[in-house]
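To keep things clear, I will list the structure first and then write my remarks on it.
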Amino acid sequence: MARRRHQEEHVNHERWLVSYADFITLLFAFFVVMYSISSINEGKYKVISEALIGVFTDSDRALKPIPIGEERPKTVTPAKPLVKDSEQVDAGVAGASDPLKSIADDISAAFGDLIQSNQMTVRGNELWVEIELNSSLLFGSGDAMPSDIAFNIIDKVAAILKPFDNPIHVEGFTDDQPIRTAQYPTNWELSSARSASIVRMLAMQGVNPGRLASVGYGEFQPVANNATAEGRARNRRVVLVVSRNLDVRRSLTGTGTANAQPDAALKRAGTQTAPTPVKSPVRESAVNSPSPALTR
């Protein structure tokens, strides 16, 4: 009896197509997910772009040592008469040629729409001018990264402030709602980071960095009741303060403009221009233990 011949199985040479199709499907899904979660923040892009341009084009930035107090902001000569014999000063910002009045007028003219919508407030006296902005215009909730609108606003403000030599400091304020993130453990860090962001933007737009300073007051200098949403929104603010001279700025940062009043003593200090420092090489001992003259 003849034996039945074993039939050979057909070899499938196209099995690799199954694995290849699975791979292509997963790869396509990966790129779809990456595209859906990706977004370009023009504000972050501009910060990085400006930083890179400065590094590769400004030779002084890499060669010049970091100043440790040997340079002080320039001041301007106050308009006369600022203080009369009776130590009474005319109300409001000083005369028409006064830099503070020029700054206040230019800001009011450039941002009339924001002022009318109560998102910006400009106020001043003979010693300083305050430019108050609602934080929602400049930053996202719980963040200190400037928005695209913030760049447009600060660019215009910097163009107005750049021709003058008055000292400037930026104050950051928050509401009393606690924040506990890895980057901002408390409102102190958030308010300080926001004011520092504005200072850096002003410097990027050509304002002399020697004129600038930043300070964060957190939640502790409210101008409205934190019990309401409207009050909390008013307390979340950033204030750019243009001072007549360095002594006025020091007095303001000690108390905050929300609590400062141009009393007679502060007015007398405001009439004095800051002394011109004598430039000398920075010694190592001065860096390790700064003298009062170098402390800001």
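The values are calculated or read from the model by the stated rules, or taken from the named source; none is laboratory data. Keep in mind it's a predicted model, so treat the numbers as computed, not measured. Positions of Cβ are backbone-derived with ideal geometry, glycine not excepted, and every protein chain shown enters the neighbour counts. What goes into the accessible areas is simple: the full protein's heavy atoms, side chains included, and nothing from ligands, DNA or RNA. Shrake-Rupley method; radii C 1.70, N 1.55, O 1.52, S 1.80 Å.
With a cut-off of at most 16 other beta carbons within 10 Å, and DSSP calling the residue loop, which chymotrypsin sites (Phe, Trp or Tyr not before Pro) in the stretch 182-249 qualify? Please list them. Answer by residue number: 220. Taking a point 7 Å from the Cα of residue 50 along the Cα-to-Cβ direction, the residues of the stretch 125-160 with backbone N closer than 12 Å to it are 146-148, 150-159. Label-to-label distance, residue 110 versus residue 33, with points set 7 angstrom from Cα along the beta-carbon direction: 4.6 nm. Shown is the FRET efficiency for residue 149 and residue 181, computed with R0 = 22 Å from the Cβ-Cβ distance and rounded to the nearest 0.05: 0.45. So with the 1.4 Å probe, I'd like the accessible area per residue for the stretch 99-257, rounded to whole Å². Heavy-atom SASA per residue in the stretch 99-257 reads 40 Å². Once both labels are positioned 7 Å from their Cα atoms along Cα-to-Cβ, the gap between residue 224 and residue 23 label points is 6.0 nm.
Taking the 1.4 Å solvent-accessible surface of the stretch 99-257 as the whole, the part contributed by carbon and sulfur is 50%.
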